Each structure stands twice: as C-alpha cells, then as structure tokens.
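Structure, as structure tokens:
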Amino acid sequence: MSARFVINSLDFVNGSGRHCDTIPILELVRLHDWLFDDQGSLIYELSGYVDKNDKPHLLLKINGTMNLSCQRCLDKLTHTFDLQTILLLVNSEEELNLIDEDDSVDAILSTSELDVIGLIEEEIILSLSISSRHPEGTCNSNLPRTNKTSFSEQSKSAHPFAVLANFKKTN
Ligand SMILES: [Zn+2]
C-alpha cells in the first residue's frame, strides 16, 4: 500500500546521496499499534557521506508530530519528535557484532536494497518506547476502570521494545 523507497546504501553514500520527503503517518504501518489516530505526517532527510576515516555513513533526520496512545491511560498523547541518527554501514555480520558492543555507534549492514521507510519506522519505534506515556499524574482518569489482572497484562505487553530502548538511551 505505502510506496516503499529502496536504495543501494553504499551507492547512495558514494554518490553523496541526499533525499528528502514527506510521509503521511497513515503509511507507517508498523507504527499503528502505538497510534491513537493516523493524523499527521513526518518529514525526513536521508544523506550519505564518508567520514575522515573513509567509513560510509548515513545520516537520517526525522521530524513530525503524531498522536500516540498513552501506554498508561490509552488516551491521546500528542508527540512531537525530532530525531537524528547516524548509521555506520558495515559489510558483514561479524563487523556488525563488533560495533554492537560499542554503545556510541549505531551500525547497519550495507545492502543493495535498503528499505528507507522501514528504517524510519524502526528509528521512530525505538524512540517511542521510552516516551509514549503522559507525564506522571497527568493521565486521563475518567476512563472506565479495568480490573487489576487485565491492567497488569496490559502494562507487561506495553514494552516490547524496552530492551532495544536500553541500547539507545546512551545516545
Ligand atoms: Zn496517559
């Protein structure tokens, strides 16, 4: 349904590629579980560059606003995000594992078919898992009460990305 945007990541970097676009939130299907509604859109900019050590990098900037469901009260939570991620392109799983031990660097495997929209969805999901609740004490308390069992089940399933988020917190 949504138009996928696919690049050859190394070619993109070597050609100093740059691509900007606007995506309706509606098209980011992997985000739908987090959303209160599908209003809004985001703007992204992807650019490729080689750093002073001759390493290929992608720089991804994402800006936008979306209406999340608060993970505590399930009411609307308007969330504005302004993300910037630098990704080192590596050539092998071994290299990727080495990089993973270093919290300060994010890396992905270089590929001839990098799904840019998928990458954007991933980056947003990682950022959401630590910020998708109203601030303490400001939740909508007028919602019907759920019984205790279902509430604790809810909060358990609300953190599928908590582990991944811990990797990102140091950035
Ligand atoms: Zn809330």
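Based on alpha carbons, the Rg and Dmax found for the range 6-128 are 15.7, 48 Å. Put simply, the amide H of GLY17, placed in the peptide plane, has neighbours under 5 Å in GLY48, leaving out anything fewer than 5 places away on its chain. Taking θ as phi - 60° and the Karplus parameters 6.51, -1.76 and 1.60, the scalar couplings of the range 97-108 work out to 5, 4, 5, 4, 6, 9, 5, 7, 10, 9, 9, 9 Hz in sequence order, x denoting glycine and proline. Within the assembled protein chains, the solvent-accessible surface assigned to LYS55 is about 90 Å², based on a 1.4 Å probe.
In what sequence, largest accessible area first, do ARG4, ARG72 appear using a 1.4 Å probe?
Numbers: ARG4 105, ARG72 60 Å².
The residues order as ARG4, ARG72, largest area first.
For the range 58-72, putting each phi into the Karplus relation 6.51 cos²θ - 1.76 cosθ + 1.60 with θ = phi - 60° gives couplings of 10, 10, 10, 10, 9, 10, x, 10, 9, 9, 8, 8, 4, 6, 9 Hz, in residue order, rounded to whole numbers and with x for Gly and Pro. Each of PHE81, PHE5 has its accessible area taken with a 1.4 Å probe; listed largest first, they run PHE5, PHE81.
The values are calculated or read from the model by the stated rules, or taken from the named source; none is laboratory data. Owing to the predicted nature of the structure, the values given are computational and were not obtained by experimental measurement. These area figures cover heavy atoms from the full protein model, side chains too; ligands, DNA and RNA do not enter into them. Shrake-Rupley method; radii C 1.70, N 1.55, O 1.52, S 1.80 Å.
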